[in-house]
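To keep things clear, I will list the structure first and then write my remarks on it.
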Amino acid sequence: MAVPGLGWAGLDRKPMCTKCIKFYLEKYKLDVTPADWTFYQSAVIYFWQSLWLTYGVFNICRRSDVGYIYVAYPVLPPILYVVFAFSLACNISWLLIWDREYMEVALVFVNLMSCTLFICLVVSLRRLHEFGYVMVSHGLTREIWYIRILVQNGLAMFAIWSTVAGMFNFGVVLTYRTGAKQEVASTVSLSIFTLEILAWWMFDNVVFEKHLRYMFTPYLVLIISIAGIISKNYQANEHNRNTVYTVVLFGLVSVLTVVKVVLVVWRHKHQPIYGIVPDLRRANAGYEVRGLLDAR
């Protein structure tokens with residue numbers, strides 16, 4: 001976790017990274033280039049990953065009324081860690097290749113990183129859906145919230161952040177490798193990015209709403225990232241097409257975020273995911289007491 005984190009911040013310049021992020025932001029200028037301060041949110045993202053990984057390690061030693069938590073409720077299966085490790089390997093590879101300015105190859109690795117992070121998120125969501133009712137019935141509602149906040153929100157924010165990085169990398173390849181006009185390449189990148197945002201919102205709030213209901217960190221990443229693009233490129237006296245596009249996109253994401261919050265608050269109150277689930281701990285305790293009385 002420390003290696004990609006240092007790479008993003010530009011702190012580890014030798015021998016791994018020869019230059020900091022700011023150098024490349026100035027060299028490969030686009031209308032979608034974010035301000036350099038935008039990349040410091042990566043420190044929060046990597047710290048969040050370390051939190052859920054630590055939670056997973058501690059689960060090895062934690063027990064519930066039916067045994068070890070990681071055995072009785074395998075919501076964090078080994079495949080999750082394997083795919084996540086591969087994603088981190090892609091992350092490190094992307095930073096190194098980007099630093100050597102092989103932008104086409106870097107685009108492949110940043111997309112691999114993004115895809116594998118979404119795979120990790122899907123694995124976690126499916127496992128929690130599979131074991132959620134059982135965990136609630138055994139009084140482990142708190143564990144479900146740990147998984148939602150630490151694991152799933154952590155993976156989601158990392159995946160969305162890699163998508164933002166992929167958008168910028170794609171614009172760089174179009175402009176500086178294929179010879180496309182910078183303004184056109186930026187518009188294409190923003191258009192694809194907009195479609196991805198709308199698709200995520202639909203999956204989040206309509207298609208897989210019960211799985212993704214408490215996912216908020218992606219919207220924070222999007223708002224900060226788009227604000228960084230505006231901060232870098234906005235000029236009050238200029239009417240650049242992509243600047244206007246970015247401002248409108250920022251407004252759209254802000255509205256979608258507010259709607260998301262309102263929907264979650266209403267659904268949490270009126271449409272709980274697990275509804276009324278019997279407490280099996282009490283049922284089992286009552287059964288044991290009755291068994292003792294009958295034996296007498």
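The values are calculated or read from the model by the stated rules, or taken from the named source; none is laboratory data. Here the structure is a predicted model, which is why all the values come from computation and not from measurement. For neighbour counting, all protein chains shown are included, and Cβ atoms are generated from backbone atoms with ideal geometry for every residue, glycine included.
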Quiz item: When you go through Ser189, Ser225, Ser162 one by one, which is the residue that is buried (at least 21 other Cβ atoms within 10 Å of the Cβ), more than 19 Å from the chain's Cα centre (by Cα) and at pLDDT 95 or above?
Solution: Ser189
Exercise. Among the residues of segment 177-191, count how many are outside any loop (DSSP other than H, G, I, E, B) and over 12 Å from Leu107 (Cβ atoms).
Key: 9
Quiz prompt | Residue identified as surrounded by fewer than 22 Cβ atoms within 10 Å (Cβ to Cβ), at pLDDT 95 or above and at negative phi among Leu117, Leu88, Leu125 | solution = Leu88
Quiz item: List, please: which pairs have Cβ atoms under 6 Å, are six or more places apart or on different chains, and start with a residue in segment 179-208 that is touching a residue at least 24 places away in the same chain (Cβ under 8 Å) and among the small types (Gly, Ala, Ser) and end with one that is surrounded by 13 or more Cβ atoms within 10 Å (Cβ to Cβ) and in a helix (DSSP H, G or I)?
Solution: Ala185/Gly171; Ala185/Leu174; Ala185/Thr175; Ser186/Gly171; Ser186/Asn242; Ser189/Met167; Ser189/Phe170; Ser189/Gly171
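Residues are listed down the side, and each one gets a yes or a no for (1) of a type in the set (Val, Ile, Thr); (2) under 21 Å from the mean Cα position of the chain (by Cα); (3) surrounded by fewer than 19 Cβ atoms within 10 Å (Cβ to Cβ):
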residue	(1), (2), (3)
Glu26	no, no, yes
Trp37	no, yes, yes
Val44	yes, yes, yes
Phe47	no, yes, yes
Tyr55	no, yes, yes
Phe58	no, no, yes
Cys61	no, no, yes
Tyr68	no, no, yes
Practice problem: May I ask you to verify whether Ile144 is closer than 30 Å to Tyr28 by Cβ and either assigned to a helix (DSSP H, G or I) or touching a Phe, Trp or Tyr at 6+ places or on another chain (Cβ under 7 Å) (or both)? | Solution: no
Quiz prompt | Output for segment 39-69, where each listed residue is in contact with a Phe, Trp or Tyr (Cβ under 7 Å, 6 or more places away or on another chain), free of Cβ contacts under 8 Å to residues at least 40 places away in the same chain and of a type in the set (Val, Ile, Thr) | solution = Ile60
